[in-house]
Structure formats: C-alpha cells, structure tokens
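Undergrad: The structure's right below; bear with me while I get my questions together.
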There are 2 protein chains.
Amino acid sequence: MESDRTSSPSSPKGWGVNFSTPRNFVVKFRSKCKETFFPDDPFKPISQEPNGLIKTKKTLEYFVPIFEWLPKYNLQKLWYDLLAGVTITSLAVPQGISYANLASIPPIIGLYSSFVPPFVYAMLGSSNTLAVGTVAACSLLISETFGEDLLKKDPNLYLHLIFTSTFITGVFQFALGFFRLGILVDFLSHSTITGFMGGTAIIILLQQLKGVFGIVHFTHKTDVVSVLHALFTHRDEWKWQSALAGLCFLIFLQSTRYIKKIKPKLFWVSAMGPMVVVLVGCLVAYLVKGTEHGIQTVGPLKKGLNPPSIQYLTFDAKYLPLVFKAGIVTGLIAMAEGIAIGRSFAVMKNEQTDGNKEMIAFGLMNIIGSFTSCYLTTGPFSKTAVNYNAGTKTPMSNVVMGICMMLVLLFLAPLFSYTPLVGLSAIIMSAMLGLIDYEEMYHLFKVDKFDFLVCMSAFFGVSFLSMDYGLIISVGLSVVRALLYVARPSTCKLGRIQNSVMFRDIEQYPGAEEMAGYVILQLGSPIFFANSTYIRERILRWIRDEHEVVEFLFLDLSGVSSIDMTGMETLLEVRRILGPKGIKMVIINPRFEVLEKMMLSHFVEKIGKEYVFLSIDEAVQSCQFNLSTAKPEPCS
Amino acid sequence: MESDRTSSPSSPKGWGVNFSTPRNFVVKFRSKCKETFFPDDPFKPISQEPNGLIKTKKTLEYFVPIFEWLPKYNLQKLWYDLLAGVTITSLAVPQGISYANLASIPPIIGLYSSFVPPFVYAMLGSSNTLAVGTVAACSLLISETFGEDLLKKDPNLYLHLIFTSTFITGVFQFALGFFRLGILVDFLSHSTITGFMGGTAIIILLQQLKGVFGIVHFTHKTDVVSVLHALFTHRDEWKWQSALAGLCFLIFLQSTRYIKKIKPKLFWVSAMGPMVVVLVGCLVAYLVKGTEHGIQTVGPLKKGLNPPSIQYLTFDAKYLPLVFKAGIVTGLIAMAEGIAIGRSFAVMKNEQTDGNKEMIAFGLMNIIGSFTSCYLTTGPFSKTAVNYNAGTKTPMSNVVMGICMMLVLLFLAPLFSYTPLVGLSAIIMSAMLGLIDYEEMYHLFKVDKFDFLVCMSAFFGVSFLSMDYGLIISVGLSVVRALLYVARPSTCKLGRIQNSVMFRDIEQYPGAEEMAGYVILQLGSPIFFANSTYIRERILRWIRDEHEVVEFLFLDLSGVSSIDMTGMETLLEVRRILGPKGIKMVIINPRFEVLEKMMLSHFVEKIGKEYVFLSIDEAVQSCQFNLSTAKPEPCS
C-alpha cells in the first residue's frame, strides 16, 4: 500500500498535485474507525513492546490502573491520602443521608453507597483526584422519574426499581466505555452542563424549603411553579422554629465557605461544616427530645454493612421502560458530570484522564453497587474539590473513605438517626448555592450568544418544565447548532496580501488585493448533502456580486475535510452553470480524502487534471498565461 | 462599523494578523441570519432599484413568476408548450386514476388533481420544466397512514381526512418556503431519496400483483413479507386471464420505454403508452361486457368539474395527530422529490430554480387543491421527464394540461370507467420499474460506502418495515454522519514542499519535508464542544508520536470556520499540558469569526499576540530565531 503511494508520479521538485491511486476501502475504513474510536491510540505502547511478559503486564496496567500506581506507592503519599480520605468521609456522611432523602429512599442507602463503590473506583479509575459519591441532581431525577404514586403504593418496589435502574446505568456506562462511545458524552457541552447544574440547583434549593419550613404535605413535582405553589398553599404548616434553625445552619455553612474562599488553606473548615451541622443537630434533637416536639428527623439507621441486593433486581416488563429511562438518563448525566469534573481537576494537576476508562470504572462501580444495596454513584463536584484541596495523591483516598465508612456503618450509624431534616436541608442548600455559576453564564453571554442560549434553555427548561425536558431541549439546540455549522459553512473571498504569495479573506484583511478576472473563494468544512445547495447558491452569489468580468473561479479546498457524492455533483453543477458564461472553475489543494473520492468518482477526469492546483499562487500564474486567450470550455 | 475595521492597525506592507475590534453582536447576528436564510440574497436587485414603480414591478415578478415570463411569451413558445401539454395530459389521465386507486380514493379525485393545481403552479412556480401531478409513493403513504380500518368504517370520512391532510401539507410547505426553511429539505440527501424511491417502487410493484392476479382479498400492509404472504395465501383467487392480460400490457409498456431509450426522439411513443393501455383495456372490457365476466374495472366516473371540498375539511381532535402526520411526512417527501426533480431538469437546461419559491408554489397548490377536491400533488419524475422531452418552454404547458383535463372532465370522463384494474396495475408497475436506480446504487457503493449504507437503509427499511421507518432510519443515519463529520474532523500533519513556502499533508505528499523541532498540524472544520475532546487527544497523540524533541506546536486554523467556548478552553488546555514539556503553541491564520471570538474571550491575550501568525512560513522564520534559546513560557 505504502510503496504504491510513494512511487506515485510527481514532478522532480515535489510540486504538483499528487494524483496517485486512491487507498482501498479496507485501509480507509480501518483508519476512519481508529480515528473515531481510538483517537488517543492507547494500545500503541503495548503493541510496540516485544517482550511477552512485559506486554501482559502493560496490558493489565492499562485496564486496571491500580497495578500501575500501587507498586510506586509510598508512606508519604499514604499520609496525604489518609488526610484526604478522612476529610471526604466527613462530607460523605451528611451528603449521603441528604441525597438519599432527595431520592426518597432510606437514608442508610446513601451511607451504603459510599462504602462499596469507592473500592471499585480505586481499582479501575484513572483519575487521581476524583472522590466517589452520590449526586444531588441524579438523586432528584430518579425520584422524579419513578414518581410519588409508586413510592406511596409500594416503597419496597420503589427501592428495588432504583437498584435495577442503577444496574442498568452501570451496564450502559460500561458498554459505552467498552465500545469507546465517549463521543456521546461530547454532545453534552459545557454550556449545557452549566445551565443544567444551575437549573437543578434552583429546583433542589426550592425543594429544601419543605425541610426548612417543616412542611409535611408537599408536592413531588420539581418545577418552580409547582413548588412555590405548594409552599404557599401550605402556609398553615410553616414552623418558625424550624425556619430559624435552618437559617442559622445555612449562615454557618455559608460562612465556612466564605472562609475557604478567602483562605484556601482553611478548606477543611468548609469540608467539616456539614458534619458539624449534623452533629449539632443530632445533639439538640436528642437533648430536647425533638421527635416529641415535632422536629422531623432522619429516623432509624441500623448498624451493619451493605446487605446484598442482587435478588431485588426486578425486570418486570411493566416497569422496564421506566427503569431504562431512569438508568440511561441518570447514567449519561452522572457520567458527563464525573468525567468533566475528573478532567478539570486533572488539568489543574497536569495529569490526564481517559474518558473511556472512566466510563468502564463508573459502569462497574454501579453494577457492583446495585448488587450491594447502593444507588447511583459518580464523581460529585463538591467531594472531588474537597479531595483535591486536601491534597490527595492517588485513588487511595477513596479506599480510606471506604474504610472510614465501614467503621461508621459498623459502629456509629445509629447516632445519625437523630439528624433533623432541617439540618440536611441546610446542607443541601449550601451545596447547591455553589453550583449556580453566574460568572460563567455572564461570560458565555459576552462571548457567544448561542452558547448562552443553550445554557439558558437548560437552566429555564430544568427550572420550569422538568429535568429531562430541560436537558433534551438544550442538547437538541446544541445538535441543531452542530448541524448548522455543517449546513451553513462559512465561505470567504480571498485577495492577495501585498508583496506576498499569501491569499487571505478580504473582509478580515481589507488591505488584501482582489484580482480582476478572478474570484477566489475559500470553502470550509465538509461539502456534503446537507450543505451542497447552500454552497452552490453562495458560490453563484459571489460571482453575481462581482462588478467586473469574471474569467476564473478558484475554489480553495484546503479547509474541506471531506466530500460526498452530492457535494461533488454540486461542484460539477456549478461548473456547468458557469461554463456557458465563459467562467472556468479551478480546484485548489484538495485534501487527501477529498482527492481520493474525486478520483474514484471520475470528478477529476470530468474537470480535467489541468484544472487542479496545489496552491492559489501557482494557479494564478498558470492562468495568467491563458487569461487573454481564454475560451469557454465545453461543459460535460 | 466599517470604518472602524479598515482603520485598524496593520503593518505598512499589509502583513501581520489583523487584531482589530470585533464586530458587535447585532452586525454578526444579522450577517449569520442572512447566510442561514438568504444565501442567494434574492432581494438585492430589487432593493438596489431606485425607481419605485420598477421596484414594485420587480417585487411582483419575484413573488409571482408568471409576470416575468408571460410578457415575453410568443407564438413559437406556445407551439412547444401546446405539444408538451397535450402529451402530459395523455399521461395524467391513466396516472391520475392509478395513483388514486393506490391511495384507495375514488379515481375521479385523481383526475380532479390534475385540473386545478397546474394552474396554481403555472402562476407561482419557478421551474420551466416541472409538470404537476400526483405521485405513487405519497399516494401509498397516505393510505398506509390512515389505514384500512378507517376506510372500511367510513369511506367518506377517509376521503375528507385526506383533503384535510392535503391542506396541512399545503400550509406546511407554504410555511417552510415563507420562512425560508429549505434547509430542512437539504437533510433528505440524494442517497436517501435514491433508496427511498427504490424501496417504494418495490413495495408498489408488489402491491400491483393484487390487480394483476385479480385477487379480491388482499392485505393493506405494505411490507414485502406481508404482501407476499397475502399473495400466496390467496392462490385460489388467482385468475390466469387477468395475469396474462397484465403481462401483455406490461410487455407493451416496457417495449415503448425501450423504444424511447434507443431513440430519444420517439419519447411520445412511451408517453402515449399508458393511454393506449387504458383505451385498449376499456374497449376490450366494453366489448366483452367485462364486468359480467368478473373483470374488475375502475367503476363509475361522473362528468363535471371539481366540486368544492372546503366544507369537508375536518379538524376533529381524534384524527388530528393522524392528519398532521400524513400531511407533514408526505409534504416533506413530495417537496423533496419535486424540488430535486425540478432542479435536476433545470440544470440540464442551464436554468435555475429557487427552492423556497418552489415550496411556496407547492404549498399554495395544495391549499387550493384541498378546497377543490384534489389530493396531494407535486412534480412527479415521470411527467416532468415527458414534459422535458416534449420540449416545454414555460410553465404554460401546465396550463395546457389543465385545459385538456377540463375537457376530459367535462366530456370524456365516463369513457374511462371501463378501465380494467389490471391495465392500471401494469401502468403503475411499468412506471415503478423505472424508479429503481441500480446504477446509482452501484456507483454509491463504489465511491462512498457510507452513502451506500444510507441508501440501503432507506431501501430495505421501506421494503421490509414501513415507508416512514425506512425514511426515519435513513435520515437518522445521514444526520449521524453529519454529526460524525463535525465530531471527528480530520487533522493532518504538514511538511514543507521542497523549494517553496507551501506546507502540505505529509501523508498525501510524501515528498514534503518534516521540520525537526516543529509539529505543524492542520485542523479542519469548526472546533466546538462536540469535537474538542477528540481534537485535544489527537493533538497530544501527534506530539507523542514524534521521535525527536518538539519545541513548537503550530496549529494551522485556516480551515477552522468557527470556534466556541469549549473549543477555546480545549486549546488553552493543550497549551497548559505542553507548557511544562517546553513545547510552545503557535496559532496560524485564524479566520475572521474565529479571531473575533478569540479576542472577545481574551484567548489571544492569554497566549500572547506574538504567538499568532498569518502564515506557517512566517511563523517558522520567526521561531527559528528563538529555537536555540527557547525557554518554556509560564502557563496561565
């Protein structure tokens, strides 16, 4: 194959377009697949290794990263990881209970979910910073999907369906990673995630007003209107004591955050904040015999480790669509959040994470989780940030958290049963306030109005409709934009920069000289069915707008990364339309893939090899000879 | 605005990147909208006209094209149009009856549909070749959508719902044209249409076996399996006389087509063929008193022009979803077919059609049609081809057809009531055989495997599932491909072509020299959320694959037509990753829109203006100075 290419005829100077035989389909297909699924070419170092034993070792290290970092582990790293692990445990307990509450499942499930999954992630995860845990947005989304009715009718079934959906999530994430479909996550853009997080934060904040005001009857709907309506129709249930306590807790938590903000070294103050709230809350509730006075608490928490739950997975056809919907939607969101967060912290530390490996790790974490009474886990922002600040060095901090969690489950769990709901609400509210990224939204508004629109559609969609609609609208808009990019690719007219052989956009460089008799256009992006009509119209318009007589149309295809049948037919159509007007079409610098297709479909034969040039300058020089004697070509 | 740009600082020679102030949002937004919706800038000649009267005249001519061509009309053109009009009428009668039969509506509706709509199109249409009429695919799709049950329960309601769906189609097409959303039609690619037409032809062909074998009980399902099953379970109803007659008719029709193929001048033989079949069929059926001998005929056809049907439009909520589905799906297909066909014939005659104007014309044609007992019409391939061959000059041939049709309806309609169904089946089969474009499919297979896949998915989807699923799968695949184009844009490494300042793909031009210490990459297509992860991985891989020490990474952005926030952040991320390795990132020739955004988001400030160059050659020259003394820059 290669020899075929290098021996192709080309002028001695190396100039001239390379019209060698196109590569065959299998070669092209393999190269395309590689680009699509293995852009980072992960197996290259492995396959280059001659020694079989080392090869096996490297493969193992690739698939199970713990084999890579554990042999290099030392006491100094352990010290940092120990510190970080204990810190994130102190966050994991209150967050676990709070988010389980948000998902309307027993609070102990939240604690279980911080025990098993961290061990799995420590084995397989490729990020050194990520801390495993449950997330607010997905917890709420789960309870929204399964709905209040089911919960009231059969709380056990409700819980089992959540385990099943966690299993589905795991399988889905694993499959995506295994088949290297990280590309799907790419379509959740940064703007969508910013808007979605902000919108979710708003609705979760409002949901917490239930806890803060101590309201018993509340709506399970999540949109702003329903929640505010429920809040004000149940004014009679408002309890000022509860509201006051909530406010105090919230002020306390916000001030610990403020301390962290001005003195980053004191991050542990903010990390311990929620634990303090829980402990103070428990103490108060215990001392004043809160439950007798109407203070709502978390309720009984049994000692003991995760019981197996594999026998509870239910694949009843009646609930399967619901389970799949919950599993896949939350899986996608959790994964996008986890990968994005893992990546941004890795960038700060100048490390790299592998999206597909992360997906496999998340997937196995959730599969095993669903067998051991855990629900959906991923890498939440708050925990990971605390982990990063605490100076974690390796995924060992997750192991430390798992061990601490085990101790909590074995000995301390019942202590937390006195936690008042108002305290949890304050913890959640404080976490949510940090997720509304005003600054980023304003930045988007200033730089890119469409990105801002995508962000706002997620934000308002989530707050006023529902979480899935908000997400769908926003992703839909992003996809429309991606399609618009290809459906309306920018074209521009080039002129010569004085005293050079460079040709640049005359709108961008007003000094560039247009050349009489020539229309030189630069096309960008692929030319294919979705934009060929547009490109034809646009080219013809450029020529129509010309005041002088046009003799040559130059199409600079340097920026055209691929072309399809419709695209080539369109270019031939343009040539046929211009032929009788005495305008000749010249193709400049078609890229590898484009030229191959042009040769295969006999496009080059039709327009003639002498009308294909390697650079604009060369084409101009060659055409200037013929300019005065130019005759219209017969069109094919 | 403009003066702001031209006075921007630039070196006296005109070189150097133009870092002038970005245009403001309104200017950019207007320019974007214009590119998206008015790529052909249709109002420019009108708005440039100073004289008010001429301006009004030009506007009128633009919107109602008959005002443009009628004043220039002469007797010679009339002669051609007369000939063409009569020829297409002879096709319109049998096709009208046949396709109405396919849609399970009274055959007279098919004749009505060739009377009113041609007049509307003649007023508003922009194609000189298109002949208006009903189409087989949409007729079948309509009957498939409304279904057998409804037809059996209430044939009147069935007919009224078809009028209503025609009305919806009209409104939809008009709206698309009015809001210049021709972009939607662009997503029905040539490959999809080829496959869809082929698949439809197959299922319509099979449906006709009912008529050919004279079967009474048959299925209304359209997929290949159901139809063949129905055919063979009703073997007892097969009539050999009918099959023999059908075969004779088919052979006759195919030989007229063959005559046309070898002697294009004798096109009228093939055009008259269907009419001959109908007349011979009528005569035989009349002479042998066919109906008494079990020959199925069309049945009573009343004399008289189209009765009004506006009072029958039913917007009953129960049927509305069905009506909308039928209206919009058939509207899209009919429009895509009509526009594609009008355009391909216009190209042959070196004329131009305006997609958006065509949509408005089709829309009004169907709206008025639905008020006057017509069903869905567009520009069918067979009629248009005959019209073209007959030498039509203007849309006047449609007027001639309309007048001929009026005469048929007023005086001759009852004659056709003896038409045997087997004759109609033969006519439809013969037409369908011409729609399976084997050659094109083979061509697609050779040139572009993905295009072939798109085509085949429509073909097999339509034949084995249903028409709408086939279409959806095929369009879905096309969209996935469009997204893949943007999600995995090709990047390539450039080398210097010997003795020149040109840099080209080293894979395409093996003679191009790589430069030690430099990695020069050309990026294509937009850089944005959907491909930024990929681009980052790919850039890092190019650098990892380098054997020598890399000091500079050049990113040639000439082919990058736009960038979003995520894209810019990705480039900064690449820079941060490479910084500590002593590799400096240099940006080459960012385009207008890209540079504007880079300035707005302070990207240029972050990387430094001195790292942005206008050409690779310039950047190389500037960097060669610093190469030996290069120090890693502090990364921001």
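The values are calculated or read from the model by the stated rules, or taken from the named source; none is laboratory data. Since the model is a prediction, treat every value here as computed from it, not as a measurement. No Cβ is skipped: glycine too gets one built from the backbone with ideal geometry, and neighbour counts run over all protein chains shown. Areas reflect the complete protein model, heavy atoms only, side chains present, ligands, DNA and RNA absent. Shrake-Rupley method; radii C 1.70, N 1.55, O 1.52, S 1.80 Å.
Undergrad: Specify which of the listed residues (A:Leu553, A:Leu578, A:Leu571) is under 24 Å from B:Val486 (Cβ atoms), more than 8 Å from chain B (Cβ to nearest Cβ) and of a type in the set (A, V, I, L, M).
TA: Numbers: A:Leu553 fails: under 24 Å from B:Val486 (Cβ atoms); A:Leu578 fails: under 24 Å from B:Val486 (Cβ atoms).
That would be A:Leu571, the only listed residue that is under 24 Å from B:Val486 (Cβ atoms), more than 8 Å from chain B (Cβ to nearest Cβ) and of a type in the set (A, V, I, L, M).
Undergrad: In this structure, does A:Leu521 turn out to be of a type in the set (A, V, I, L, M) and buried (at least 21 other Cβ atoms within 10 Å of the Cβ)?
TA: Details: of a type in the set (A, V, I, L, M): yes; buried (at least 21 other Cβ atoms within 10 Å of the Cβ): no.
So A:Leu521 fails the test.
Undergrad: Further question: Just one of A:Ser270, A:Ser255 is within 27 Å of A:Leu415 (Cβ to Cβ), small (Gly, Ala, Ser), exposed (fewer than 15 other Cβ atoms within 10 Å of the Cβ) and within 33 Å of the chain's Cα centre (by Cα); which is it? Lay out the reasoning, then the answer.
TA: Values: A:Ser270 fails: exposed (fewer than 15 other Cβ atoms within 10 Å of the Cβ).
Testing whether each residue is within 27 Å of A:Leu415 (Cβ to Cβ), small (Gly, Ala, Ser), exposed (fewer than 15 other Cβ atoms within 10 Å of the Cβ) and within 33 Å of the chain's Cα centre (by Cα) leaves just A:Ser255.
Undergrad: Among the residues of the range A:343-356, what is the count of those that are closer than 15 Å to B:Glu537 by Cβ and either out of contact with any helix residue (DSSP H, G or I) (no Cβ under 6 Å at 6 or more places or on another chain) or within 10 Å of another protein chain (Cβ to nearest Cβ) (or both)?
TA: 7
Undergrad: Quick one: how many residues across the range A:459-476 are within 14 Å of chain B (Cβ to nearest Cβ) and touching a residue at least 24 places away in the same chain (Cβ under 8 Å)?
TA: Just the residues of the range A:459-476 that are within 14 Å of chain B (Cβ to nearest Cβ), to begin with: A:474-476.
Filter once more, so that each one left must be touching a residue at least 24 places away in the same chain (Cβ under 8 Å): A:474-475.
Number satisfying all stated conditions: 2.
Undergrad: While we're looking at this one, here's another question. Quickly run through the range B:42-72 and pick out the residues that are within 25 Å of A:Tyr534 (Cβ to Cβ) and of a type outside the set (Lys, Arg). Even if it seems obvious, please write down each step before you answer.
TA: Of the residues in the range B:42-72, the ones within 25 Å of A:Tyr534 (Cβ to Cβ) are B:42-48, B:58-59, B:61-63, B:65, B:68.
Passing the criteria: B:Pro42, B:Phe43, B:Pro45, B:Ile46, B:Ser47, B:Gln48, B:Thr59, B:Glu61, B:Tyr62, B:Phe63, B:Pro65, B:Glu68.
Undergrad: For A:Ala346, are the conditions met, namely being of a type in the set (A, V, I, L, M), assigned by TED's automatic domain parsing to the domain that holds A:Ala413, more than 27 Å from A:Pro107 (Cβ to Cβ) and outside any helix (DSSP H, G or I)? Can you show your working first?
TA: On the way: of a type in the set (A, V, I, L, M): yes; assigned by TED's automatic domain parsing to the domain that holds A:Ala413: yes; more than 27 Å from A:Pro107 (Cβ to Cβ): yes; outside any helix (DSSP H, G or I): no.
The answer is no for A:Ala346.
Undergrad: Name the one entry in A:Gln76, A:Gln95, A:Gln48 that is at pLDDT 75 or above, open to solvent by 80 Å² or more (accessible area, probe 1.4 Å), in the same structural domain as A:Asp154 (by TED's automatic domain parsing) and under 35 Å from the mean Cα position of the chain (by Cα).
TA: Numbers: A:Gln95 fails: open to solvent by 80 Å² or more (accessible area, probe 1.4 Å); A:Gln48 fails: in the same structural domain as A:Asp154 (by TED's automatic domain parsing).
Step by step, each of A:Gln76, A:Gln95, A:Gln48 is checked, and only A:Gln76 is at pLDDT 75 or above, open to solvent by 80 Å² or more (accessible area, probe 1.4 Å), in the same structural domain as A:Asp154 (by TED's automatic domain parsing) and under 35 Å from the mean Cα position of the chain (by Cα).
Undergrad: Within the range B:33-45, work out how many residues are more than 8 Å from every other protein chain (Cβ to nearest Cβ) and within 20 Å of A:Val486 (Cα to Cα).
TA: 4
Undergrad: Given the criteria within 30 Å of B:Pro510 (Cβ to Cβ), facing another protein chain (nearest Cβ under 7 Å), open to solvent by less than 30 Å² (accessible area, probe 1.4 Å) and touching a residue at least 40 places away in the same chain (Cβ under 8 Å), does A:Pro489 qualify? Spell out the reasoning first.
TA: Numbers: within 30 Å of B:Pro510 (Cβ to Cβ): yes; facing another protein chain (nearest Cβ under 7 Å): yes; open to solvent by less than 30 Å² (accessible area, probe 1.4 Å): yes; touching a residue at least 40 places away in the same chain (Cβ under 8 Å): yes.
The answer is yes for A:Pro489.
Undergrad: Return the total of residues in the range B:530-550 being over 27 Å from A:Val475 (Cα atoms) and more than 9 Å from chain A (Cβ to nearest Cβ). Reasoning before the result, please.
TA: Here is the first cut: in the range B:530-550, the residues over 27 Å from A:Val475 (Cα atoms) are B:540-550.
Restricting the remaining residues to those that are more than 9 Å from chain A (Cβ to nearest Cβ) gives B:542-543, B:546-550.
Counting residues in the range B:530-550 that are over 27 Å from A:Val475 (Cα atoms) and more than 9 Å from chain A (Cβ to nearest Cβ) gives 7.
Undergrad: Check off (1) within 25 Å of A:Asn24 (Cα to Cα); (2) basic (Lys, Arg); (3) open to solvent by 30 Å² or more (accessible area, probe 1.4 Å) for B:Arg496 and give me the number that stays unchecked.
TA: Checking B:Arg496 against (1) within 25 Å of A:Asn24 (Cα to Cα); (2) basic (Lys, Arg); (3) open to solvent by 30 Å² or more (accessible area, probe 1.4 Å), the one that fails is (1).
Undergrad: Scan the range A:547-565 for residues that are open to solvent by 10 Å² or more (accessible area, probe 1.4 Å) and part of a loop (DSSP other than H, G, I, E, B) and report the count.
TA: 5
Undergrad: Go through the range B:371-400 and give me each residue that's small (Gly, Ala, Ser), open to solvent by less than 10 Å² (accessible area, probe 1.4 Å) and not in a helix (DSSP H, G or I). Let's see the steps before the verdict.
TA: So in the range B:371-400, the residues small (Gly, Ala, Ser) come out as B:373, B:379, B:382, B:385, B:390-391, B:397.
Within this subset, residues satisfying the condition of being open to solvent by less than 10 Å² (accessible area, probe 1.4 Å) are B:373, B:379, B:390, B:397.
Residues satisfying the conditions are B:Ser373, B:Gly379, B:Ala390.
Undergrad: In addition: Which numbered condition trips up B:Met515, out of (1) more than 10 Å from chain A (Cβ to nearest Cβ); (2) outside any helix (DSSP H, G or I); (3) without any contact (Cβ under 8 Å) to a residue 60 or more places away in the chain; (4) not small (Gly, Ala, Ser)?
TA: Of (1) more than 10 Å from chain A (Cβ to nearest Cβ); (2) outside any helix (DSSP H, G or I); (3) without any contact (Cβ under 8 Å) to a residue 60 or more places away in the chain; (4) not small (Gly, Ala, Ser), only one is false for B:Met515: (3).
Undergrad: Search the range B:401-458 for residues being out of contact with any helix residue (DSSP H, G or I) (no Cβ under 8 Å at 6 or more places or on another chain) and within 14 Å of chain A (Cβ to nearest Cβ), and hand back the single one that is surrounded by the fewest Cβ atoms within 10 Å (Cβ to Cβ).
TA: B:Glu439
Residue by residue, here is whether (1) over 16 Å from B:Leu140 (Cα atoms); (2) open to solvent by 20 Å² or more (accessible area, probe 1.4 Å) holds:
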| site | (1), (2) |
| --- | --- |
| B:Ile162 | no, no |
| B:Val171 | yes, yes |
| B:Ser191 | yes, no |
| B:Phe196 | no, no |
| B:Thr200 | no, no |
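Undergrad: Within the range A:459-476, restricting attention to residues that are open to solvent by 40 Å² or more (accessible area, probe 1.4 Å) and closer than 27 Å to A:Asn531 by Cα, which residue is modelled with the highest pLDDT? Working first, answer last.
TA: Our first condition is that a residue be open to solvent by 40 Å² or more (accessible area, probe 1.4 Å); within the range A:459-476, this holds for A:460, A:464-465, A:469, A:472-473.
Going one step further and asking which of them are closer than 27 Å to A:Asn531 by Cα, we end up with A:472-473.
Numbers: A:Ile472: 85, A:Ile473: 90.
Only one residue tops the list, namely A:Ile473.
Undergrad: Can you tell me how many residues within the range B:9-20 are more than 8 Å from chain A (Cβ to nearest Cβ) and either open to solvent by less than 80 Å² (accessible area, probe 1.4 Å) or modelled with pLDDT of 75 or more (or both)?
TA: Counting residues in the range B:9-20 that are more than 8 Å from chain A (Cβ to nearest Cβ) and either open to solvent by less than 80 Å² (accessible area, probe 1.4 Å) or modelled with pLDDT of 75 or more (or both) gives 5.
Undergrad: Given the range B:121-198, what helices (runs of 4 or more DSSP H) lie entirely inside it while holding 1 or more residues that are modelled with pLDDT of 90 or more? Quick ask: steps written out before the conclusion?
TA: Numbers: elements: B:136-153, B:155-178, B:183-186.
Once the helices (runs of 4 or more DSSP H) in the range B:121-198 are filtered for at least 1 residues that are modelled with pLDDT of 90 or more, what remains is B:136-153, B:155-178.
Undergrad: Kindly establish whether A:Val479 is at the interface with chain B (Cβ under 10 Å from one of its Cβ atoms), touching a residue at least 60 places away in the same chain (Cβ under 8 Å), in a helix (DSSP H, G or I) and surrounded by fewer than 23 Cβ atoms within 10 Å (Cβ to Cβ).
TA: Details: at the interface with chain B (Cβ under 10 Å from one of its Cβ atoms): yes; touching a residue at least 60 places away in the same chain (Cβ under 8 Å): yes; in a helix (DSSP H, G or I): yes; surrounded by fewer than 23 Cβ atoms within 10 Å (Cβ to Cβ): yes.
Answer is yes for this residue.
Undergrad: Does A:Ala326 satisfy the condition of being modelled with pLDDT under 80 and open to solvent by less than 10 Å² (accessible area, probe 1.4 Å)?
TA: Details: modelled with pLDDT under 80: no; open to solvent by less than 10 Å² (accessible area, probe 1.4 Å): yes.
So A:Ala326 fails the test.
Undergrad: Picking from B:Asn589, B:Asn531, which residue would you name as being crowded, with 22+ Cβ neighbours inside 10 Å and out of contact with any strand residue (DSSP E or B) (no Cβ under 9 Å at 6 or more places or on another chain)?
TA: Details: B:Asn589 fails: out of contact with any strand residue (DSSP E or B) (no Cβ under 9 Å at 6 or more places or on another chain).
That would be B:Asn531, the only listed residue that is crowded, with 22+ Cβ neighbours inside 10 Å and out of contact with any strand residue (DSSP E or B) (no Cβ under 9 Å at 6 or more places or on another chain).
Undergrad: While we're looking at this one, here's another question. Can you work out which of the residues in the range A:591-636 that are in a helix (DSSP H, G or I) and aromatic (Phe, Trp, Tyr) is modelled with the lowest pLDDT?
TA: To start, the set of residues in the range A:591-636 that are in a helix (DSSP H, G or I) comprises A:592-600, A:603-607, A:609-611, A:616-626.
Okay, now just the ones that are also aromatic (Phe, Trp, Tyr), so A:592, A:603, A:611, A:625.
Details: A:Phe592: 85, A:Phe603: 88, A:Tyr611: 88, A:Phe625: 71.
Per the criteria, the residue is A:Phe625.
Undergrad: Of all residues in the range A:492-501, count the ones that are more than 15 Å from B:Phe592 (Cβ to Cβ) and either within 7 Å of chain B (Cβ to nearest Cβ) or touching a Ser or Thr at 6+ places or on another chain (Cβ under 9 Å) (or both). If you could, list the steps in order and put the result at the bottom.
TA: Of the range A:492-501, the ones more than 15 Å from B:Phe592 (Cβ to Cβ) are A:496, A:498-501.
Now narrow it down to the ones that are either within 7 Å of chain B (Cβ to nearest Cβ) or touching a Ser or Thr at 6+ places or on another chain (Cβ under 9 Å) (or both): A:498-501.
So the answer is 4.
Undergrad: Can you give me the number of residues within the range B:211-229 that are open to solvent by 10 Å² or more (accessible area, probe 1.4 Å) and either assigned by TED's automatic domain parsing to the domain that holds B:Leu332 or in contact with a Lys or Arg (Cβ under 8 Å, 6 or more places away or on another chain) (or both)?
TA: Final tally of qualifying residues: 2.
Undergrad: What tally of residues in the range B:518-527 results from selecting those that are at the interface with another protein chain (Cβ under 7 Å from one of its Cβ atoms) and either in contact with a Phe, Trp or Tyr (Cβ under 9 Å, 6 or more places away or on another chain) or hydroxyl-bearing (Ser, Thr, Tyr) (or both)?
TA: To start, the set of residues in the range B:518-527 that are at the interface with another protein chain (Cβ under 7 Å from one of its Cβ atoms) comprises B:524-526.
Next cut, either in contact with a Phe, Trp or Tyr (Cβ under 9 Å, 6 or more places away or on another chain) or hydroxyl-bearing (Ser, Thr, Tyr) (or both) only: B:525-526.
Residues in the range B:518-527 being at the interface with another protein chain (Cβ under 7 Å from one of its Cβ atoms) and either in contact with a Phe, Trp or Tyr (Cβ under 9 Å, 6 or more places away or on another chain) or hydroxyl-bearing (Ser, Thr, Tyr) (or both): 2 in total.
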